[in-house]
Amino acid sequence: MRYLIAGAGPAGVVAAETLRRADPQATVRLFCGEQEPVYSRMAIPYLLAHKIDERGTWLREPGHFEALGIELVHQRIESVEWDTHTVRRADGQREHYDRLLIATGARPATPPVPGMDLPGVRHCWTLGDARAIAARARPGSRVVLMGAGFIGCIILEALVLRGVRLTVIEAEDRMVPRMMDATGGAMLQAWCERKGVRVHTATQVLGVERAGSDTLAVHCEHGAVHPAELLVVATGVLPNLDLVADGTRLSLETGRGIRVDPWQRSSDPDVFAAGDVCESVDWYSGERAVYAIQPAAVEQGRIAALNMCGRPVRYAGALPMNILDTLGLVTVSFGHWAGVPGGESVRRAEPGRSRYLRLEFDERDRLVGAIVVGLPEHVGVLRGLLQRRAPLGAWKARLARSPTRIAEAFVACTATTGLGDAASP
Amino acid sequence: MGWQRKILRVNLTEGTCTPEPLNMDWAMQYLGQRGLATKYLTEEVDPRVDPLSPDNKLIFATGPLTGTAASTGGRYSVITKGALTGAIACSNSGGYFGAELKNAGWDMVIVEGQAREPVYLLVEDDEARLLHAGELWGQSVWETHQRIHDIHQDPLLKIAAIGQAGENGVLFACIVNDLHRAAGRSGVGAVMGAKRLKAVAVRGTRGVRVDDPQRFLQVTTEKKRILAENAVTGQGLPTYGTQVLMNVVNEIGALPTRNARDVQFEGAAHISGEAMREPRPTDGRPNLVTNQACFGCTIACGRVSRIDKTHYVVRNKPEYWKASGGLEYENAWAMGADTGIDDLEAMTYANFVCNEQGMDPISFGATLAAAMELYETGAITQEDTGGIELRFGNTDALVTLVEQTARGEGFGRELGLGSKRLCEKYGRPELSMTVKGQEFPAYDPRGIQGMGLTYATSNRGACHLRSYTVASEVLGIPEKTDPLVPDGKPALVKAFQDATAVVDSSGLCLFTTFAWTLDDIQPQIDAACEGDWSLERLLEMGERIWNLERQFNLAAGFTGADDRLPERLVKEPARQGPAKGLTNQLGKMLPEYYALRGWNEQGEPTPETLQRLGL
Amino acid sequence: MLKALSIVPDKCTGCMQCELACSYEHEGVFNPARSRIRVFHFHDEARYVPYTCTQCAEAWCQLACPVEAIQINPHTGAKEVIENLCVGCKVCTIACPFGTVNYNQATGKVIKCDLCGGDPACARYCPTGAITYVDADLTAYERMRMWAARTDTQAQASA
């Protein structure tokens, strides 16, 4: 059996390792499109913040893949001939596959405004981007960060730690709008502002101009102009659908990503997809969704691999979850934090102490989503409670009164304690 | 090390919270907790002060072993001038609050002045704040606990609070932490109430360090093994709690019954530790749910009980169906044998209410017992009691009056004065079973002679925990002495008093001394604390603390004449049991005790004694 | 045979010796707030439940780590945080549905139970046998792992 994996991000790497374990005789070839060691984009901000060196971004130790008998190929896969089970590499070579995993991930979106091609305008996505940013983001430099989403906020901290003078422009009305509600977003903004970051929300970047040899002028709505040596663009990501778009004769079914069934299989039975490139389903609603997050990527990679080698394992759907540490303020969101129809919301905010907890229950008293700000202990249990998908019984009322008792609720609801249905008194 | 070297001074009048360094010179002489806080109190408070006035101070003090891995290292004490006694008060409590306070970085909190409006103190590590307690005032300890958790949303906040009893000036009001552990005696809760301090809520994440960690872990591990292998601390206490004593003490004829008219109780078996483990006929479950440990305790003597839902007292009160702190021996005695009541479930309810509202069950039960005798002798009538037929054995009276006393309603208002003032008021002072205004607990000094001297000389008023000679006289720890003879008891009492002062100053629990001697405790203190803490130094310190407390009381107006027992114990012979025909021989023991202490015949420390102890 | 922590809440008295032992073992200080094991107190039900990492077979934390900073100790089977690799991104803290990986602000790294390299201090100091370190058979904790598998969104074996 010959397995090819296009993309050496977390989904691809975990899939390769899983295939190796599950099918020791097979050929496993992992294609990395960048001329770099296999690294983690998640780690780039920590590289920028000097917390680690480049080696610290590597997903695996040198020699790891060779030792496992996984063939790591530094070649971008350019296209796929679905009917002949053949891929074409960047160097023109063709390779046959029995099963193909597309784990090509996502790429940063470039907003349609003038000046995005100027020097000094960078995404923060690849190690190459990181080196370019590091060169320009020096102590005292003026930097504009376009987009205060999840990735923007990770970069935000790294930039501040580099000592730059930072201005953040976010088009929506709050920071991290996909992960925080108005209360949480406002807390995060106030926190950042206290740390000396200028944050402008509900304003668009209209265009960027050269304003000197090494200076940019970032034009925003209402005539605001922000001079900067560096503009970092972090306005979201899009699935890398090149392989699919290129297949003219027969392509794969796509929505916002490559559509997969609960076995991570695409519309072509020998082609699977995992990670940011695939459109899976939401764990709660069952609706199609693309959640470009690390935990979902590795789970999908693992499950795709098991199914590729004939061990049927069903994926129960992607559970959105994010955790951010922005200059010391930890923010977390899980699931349907904005609530579901017919559900109930519990919110406790202490803006003065930058603490906030929001829990969302559905009409069957099951936890469906949560937001946590400034209370980082045992947050993982929220995932446990969400996955449990069982009514919380007496604990629903207790959590409504004391939402911070989430860890107790989880422990009480586990089988070993016998407290799950304890309706006390 | 061992100490955090930091104390928090809270001035309620000014509304300020101020950190200050711990006086390490004093720490070297008084170690911590009881000793060290007494030093602070005696330096800062005029002994003649009205206990309920703003000039009195209230100290929450931990010891150097509080918050460490030493077994039972979770204790704290509340030191103040007692509302019930007017003497020095030092009430020791377990649970988790003390260790949390220490973990927050504080050795003690000194509360002074009086708040204009009710407040509570919130301590989160270094940060201490006084917050309005308007909506908490009038609430029980339990409700206060819940509401503070609602407000601050930190499930790990540990809370010590007063209930309605402390607010209403019940003179034996206590301070309850962790819902059912209490700094119980002498009315420390009334002092807190007078200061309008509703609660202290603490969260500590800073940790506790010791001087020589390796030696400390080695020695504490070794000493834990002794506790585990000892019959009392390894089996008796975890299985039956202090309630292991009920049948034992009854058998030897030293269980004060019906206000100490008798020394054996026919219903003892029904209210014993054994009874608490018996499945009930109604629901097939025992009263006792489980045992519980306080912070760091490897003995785990705490009782956690659930009241029979079908019992008439709680049938319509589901809020009392949950598990909570069950009967300890003294409580079961006070609200059982001493009142002639043998309804375990009703007594558990009364115990819950004492915890819920912050009342000392010993003083409450003993005061109720005195009131019952006043009633049976005709000194009070149903007109005084509001229609309650206050006879010994009347369970309804217990249930009604525990509620009334906490709330300051009806005849409960009178009970809230304590038995000394109650009996004086109705012209029968001799019926009050008190010393220095405090009700004595569950050991009759006619059947356990040493306890007579213990009660008479206890610096905080009658108390078993100042020199628990029961250990020797009944249990044979460290060696058996005859409970029926007074000989040798003065030396025994003095030795126990001094050693107990050491234990109470360390952060450890006195119950360890069923298995440990000071020889076992000394190396634990020595490993935790800087400096050389030899046995001799500790024993001298214990004696110093005892004399310092004595000096406070003498300056407060007490004299040797207050080292007395209720007449009944020295004049009315025991009516049954092994001690039948005996009275307590205090008159024989007291002069010898004074001499051993280096006190003059008036019970005052001689100048030589004071000098020897550096006082 | 690998050993595992066996936790029997029925035997726990809530004394916190495990938390003291754990924090001392890992941080050199007696500080429950820094313990990798936590005892949950259910006062009204009179239950005390020691709770820590189950070292689950397909560890969510390990899979989710973007820099391979959580690795299996071959001698104990414990999933250990490799301090100098951890970048403090905290993804593992939300990926672990048991909430037993936590972030330590002081070090900027995550912390979790590492079985103390094969001699867990919590078990050593537990006075009642509520926590023991035994051959990994069907312990109480094993049952918790089975529960974990049941509620797993990650993988459900299909028919």
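Do any GluC sites (Glu not before Pro) in region A:119-221 lie in a loop, going by DSSP, with at most 16 other beta-carbon atoms within 10 Å of their beta carbon, and if so which?
A:GLU172
Shown for region A:256-304: residues covered by the partner protein chains by 20 Å² or more of accessible area relative to the chain by itself (probe radius 1.4 Å), namely A:GLN294, A:PRO295, A:VAL298, A:GLU299, A:ARG302. May I ask for the net charge around A:GLY184, where only other residues with Cβ less than 9 Å from the Cβ of A:GLY184 are counted and Lys, Arg are +1 while Asp, Glu are -1? Summing Lys/Arg as +1 and Asp/Glu as -1 gives +1.
Rg and Dmax of region B:1-151, based on Cα coordinates, read 15.2, 42 Å. Region B:450-501 and region A:187-258 have Cα centres lying 80 Å from one another.
Calculated mean residue ellipticity at 222 nm for chain B: -10500 deg cm²/dmol, from DSSP H runs with n ≥ 4 weighted as -39500 (n - 2.57), summed, divided by the residue count and rounded to 500. Rounded to the nearest Hz, the phi-derived 3J(HN,Hα) couplings of region A:272-283 under the Karplus curve 6.51 cos²θ - 1.76 cosθ + 1.60 (θ = phi - 60°) are 10, 9, 8, x, 4, 7, 9, 9, 9, 10, 6, 4, where x marks glycine and proline. Beyond 23 Å in Cα-Cα separation lie the following of the pairs B:LYS102/B:LYS158; B:LYS223/B:LYS489; B:LYS480/B:LYS580: B:LYS223/B:LYS489. For region B:207-285 versus region B:517-554, the inter-centroid distance based on Cα atoms is 26 Å. Phi-derived couplings, Karplus 6.51 cos²θ - 1.76 cosθ + 1.60 at θ = phi - 60°, listed residue by residue for region B:291-308: 9, 9, 9, 7, 3, x, 8, 9, 8, 6, 8, x, 9, 10, 10, 10, 6, 4 Hz, with x used for Gly and Pro.
With all pairs of separate Cα atoms included, region B:15-97 yields a Kirkwood hydrodynamic radius of 13.6 Å.
Converting the Cα gyration tensor eigenvalues of chain B into ellipsoid dimensions via √(5λ) gives semi-axes, longest first, of 32, 29, 25 Å.
Based on DSSP H segments of at least four residues, each scored -39500 (n - 2.57), chain C has a per-residue ellipticity at 222 nm of -6000 deg cm²/dmol. Compactness of region C:9-52, taken as the C-alpha radius of gyration over 2.2 N^0.38 Å, stands at 1.15.
Largest accessible area first, the residues B:ASP126, B:ASP563 order themselves as B:ASP126, B:ASP563 under a 1.4 Å probe with ligands, DNA and RNA left out. Sorted into 5 angstrom bins from 0, the C-alpha pair distances of region B:398-462 split as 4, 18, 20, 19, 19, 12, 7, 1 percent. Projecting the alpha carbon convex hull of region B:398-531 along each direction and taking the average yields 10.7 nm². Only alpha carbons enter this Debye calculation for region B:513-558, each as an equal point scatterer, and the log10 of I(q)/I(0) it gives at q = 0.23, 0.33 Å⁻¹ is -0.80, -1.10. Only helices enter the 222 nm calculation for chain A: every DSSP H run of n ≥ 4 contributes -39,500 (n - 2.57), and dividing by all residues gives -7000 deg cm²/dmol, rounded to 500.
Taking the Cα centre of region C:43-128 as reference, the dipole from Cβ charges on Lys and Arg (+1) and Asp and Glu (-1) amounts to some 100 debye. Chains A and C together bury roughly 4500 Å² of accessible area, counting both sides, with a 1.4 Å probe on protein heavy atoms only. Summing charges over neighbours of B:GLY358, with a neighbour being any other residue whose Cβ is under 11 Å away from its Cβ, gives -2 when K and R count +1 and D and E count -1. Take the accessible area of chain C alone and of chain B alone, subtract that of the pair, and you get about 2300 Å² summed over both chains, using a 1.4 Å probe. Semi-axes of the equivalent ellipsoid of region B:244-438 are 27, 19, 16 Å, computed as sqrt(5λ) over the eigenvalues of the C-alpha gyration tensor in descending order.
Find the percent of Cα-Cα distances in chain C that exceed 28 Å, and round it to a whole number. Of the Cα pairs, 18 percent sit more than 28 Å apart. Relative contact order of chain B, taken over Cα pairs closer than 8 Å and 6 or more residues apart, is 16 percent. Contact order for region B:475-570, expressed relative to its length and based on alpha carbon pairs under 8 Å spaced 6+ residues apart, stands at 30 percent. In the frame of its principal axes, chain A has Cα extents of 67, 61, 38 Å, reported largest first. Per-residue Karplus couplings for region B:596-604, computed as 6.51 cos²θ - 1.76 cosθ + 1.60 with θ equal to phi - 60°, are listed in order as 4, 6, x, 10, 7, 5, 8, x, 9 Hz, Gly and Pro entered as x. For A:LEU72, the residues 5 or more places off, or on other chains, whose built amide H falls under 5 Å of its own are A:LEU30.
Sorting the segments B:300-307, B:344-351 by their residues' average number of neighbouring beta-carbon atoms within 10 angstrom, most packed first, yields B:344-351, B:300-307. Each Lys and Arg adds +1 at its Cβ and each Asp and Glu adds -1 at its Cβ; summed about the Cα centre, the protein assembly as shown shows a dipole of about 1260 debye. Taking the 1.4 Å solvent-accessible surface of region B:6-203 as the whole, the part contributed by carbon and sulfur is 45%.
With the gyration tensor restricted to C-alpha atoms of region A:121-235, the semi-axes of the equivalent ellipsoid amount to 21, 16, 13 Å, longest first. Using a simple spin-label model with pseudo-atoms 7 Å out from Cα toward Cβ, C:ALA57 and C:ASP135 lie 1.9 nm apart. With K and R counted +1 and D and E -1, the other residues having a Cβ less than 15 Å from that of A:ARG259 yield a net charge of -4.
With the biggest extent put first, the Cα atoms of region A:328-414 measure 34, 27, 21 Å across the principal axes.
Above 24 Å lies some portion of the pair distances; for region A:1-142, what is it as a whole percent of all C-alpha pairs?
Taking all Cα-Cα pairs of region A:1-142, the fraction more than 24 Å apart is 41 percent.
Kindly identify region B:290-406 as rounded, prolate or oblate by the Cα gyration tensor criterion: order the square roots of the eigenvalues as a ≥ b ≥ c, call it rounded if a/c is under 1.5, otherwise compare a/b with b/c, prolate if a/b is larger, else oblate. It comes out prolate by the Cα gyration axes.
How would you classify region B:514-608 from its alpha-carbon gyration tensor, with a ≥ b ≥ c the square roots of the eigenvalues: rounded for a/c under 1.5, else prolate if a/b is greater than b/c, otherwise oblate?
Working: a/c = 3.05, a/b = 1.54, b/c = 1.98.
Oblate, because a/c is 1.5 or more while a/b does not exceed b/c.
Packing order of peptides A:294-306, B:519-531, B:276-288, highest average first: A:294-306, B:519-531, B:276-288 (average count of other Cβ atoms within 10 Å over each peptide's residues).
With Rh defined as the Kirkwood radius, the inverse of the mean 1/r over Cα pairs, the Rg/Rh of the protein assembly as shown is 1.06.
The values are calculated or read from the model by the stated rules, or taken from the named source; none is laboratory data. Not measured: the values here are computed from a predicted model. Methodologically, a virtual Cβ is constructed for each residue, glycine included, from the backbone with ideal geometry; neighbour enumeration extends over all protein chains shown. Ligands, DNA and RNA are excluded from the accessible area calculation, which covers all protein heavy atoms including side chains. Shrake-Rupley method; radii C 1.70, N 1.55, O 1.52, S 1.80 Å.
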